[in-house]
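Peer 1: Pasting a structure here, questions to come.
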Amino acid sequence: MSDANEPAGPVEPERAGEGTGERRVRVVLVDDHRMFRTGVRAEIGQTERTGVEVVGEAADVDQAVSVITETRPEVVLLDVHLPGGGGVEVLRRCAALTADAERPVRFLALSVSDAAEDVIGVIRGGARGYVTKTITGTDLVASIFRVQEGDAVFSPRLAGFVLDAFASTDAPPVDEDLDRLTQREREVLRLIARGYAYKEIAKQLFISVKTVESHVSAVLRKLQLSNRHELTRWATARRLV
């Protein structure tokens with residue numbers, strides 16, 4: 001991590017370094033370079049000083065999904081380019097955790113890349129922000145706490161990519177059928193459409209198989225569909241998968 005002066009948006013100094021008080025945030029580091037993970041842990045992981053507790057590390061997509069699911073951190077520092085499908089694949093497979101209203105797992109991309117397609121890709125995938133590896137340790141700690149609280153955080157030069165991308169996108173039309181579904185039913189719908197078995201969905205959402213079955217029945221009834229195959233086609237047509 002260099003000391004280049006590229007702060008992650010406006011930084012509130014009292015949230016980084018000394019003075020964190022009782023503030024704590026549990027973090028997982030996802031990067032395929034072990035030495036970089038070691039450096040980040042040394043820089044931000046002194047919990048008594050920074051308030052950051054590093055609870056796990058991963059070097060590829062499968063490891064990341066496993067560690068994130070097991071530890072349920074509040075923030076994941078996620079590299080964009082990873083073996084097994086990249087950061088976007090991690091976000092896709094952890095979508096249910098991101099959508100959890102009570103204990104959301106939030107993602108902050110931390111990458112050497114400043115390419116517009118990388119930034120836009122992970123933000124569309126569900127990341128709350130994107131900072132480059134030139135960020136200082138102090139600013140990274142501040143960014144982690146801001147993401148934990150639900151803020152969006154970007155290195156200044158990268159925010160423009162996101163604004164331009166979303167400004168050029170037409171607002172999605174109102175979908176009355178989709179609006180009939182609860183947030184939990186939408187989560188189950190997406191996982192069913194992605195081919196997950198009921199047991200896998202139950203594990204992802206931390207609910208029982210019987211509850212999954214109840215949600216699927218409710219979705220089929222509300223959408224007037226007969227089976228999961230029709231449901232998958234319905235979700236795919238609306239680009240919900």
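Peer 1: Just give me the residues in the range 21-40 being of a type in the set (D, E, K, R) and farther than 17 Å from V131 by Cβ, in sequence order.
Peer 2: E22, R23, R24, R26, D32, R34
Peer 1: To continue, here is another question. Failed condition for V153, given (1) in contact with a strand residue (DSSP E or B) (Cβ under 9 Å, 6 or more places away or on another chain); (2) at pLDDT below 85, with all others met?
Peer 2: Single failed check for V153: (2).
Peer 1: Let me ask something else. Among the listed residues V80, V76, identify the single one that is crowded, with 17+ Cβ neighbours inside 10 Å, part of a loop (DSSP other than H, G, I, E, B) and modelled with pLDDT of 90 or more.
Peer 2: After applying the criteria, what remains is V80.
Peer 1: Can I ask one more? For residues that are part of a strand (DSSP E or B) and more than 20 Å from G51 (Cα to Cα), scanning just the range 130-145, find the one that is modelled with the lowest pLDDT.
Peer 2: It comes out as T132.
Peer 1: Additional query: Condition test on V188, is it modelled with pLDDT of 90 or more, in contact with a Leu (Cβ under 8 Å, 6 or more places away or on another chain) and not in a loop (DSSP other than H, G, I, E, B)?
Peer 2: In short, no.
Peer 1: Name the residue, out of V54, V27, V65, that is modelled with pLDDT of 95 or more, farther than 19 Å from S143 by Cα and either part of a helix (DSSP H, G or I) or within 17 Å of the chain's Cα centre (by Cα) (or both).
Peer 2: V65
Peer 1: Answer with yes or no whether G19 is at positive phi, modelled with pLDDT under 90 and under 17 Å from the mean Cα position of the chain (by Cα).
Peer 2: no
The values are calculated or read from the model by the stated rules, or taken from the named source; none is laboratory data. Every value quoted in this text rests on a predicted model; they were computed, and no experiment measured them. No Cβ is skipped: glycine too gets one built from the backbone with ideal geometry, and neighbour counts run over all protein chains shown.
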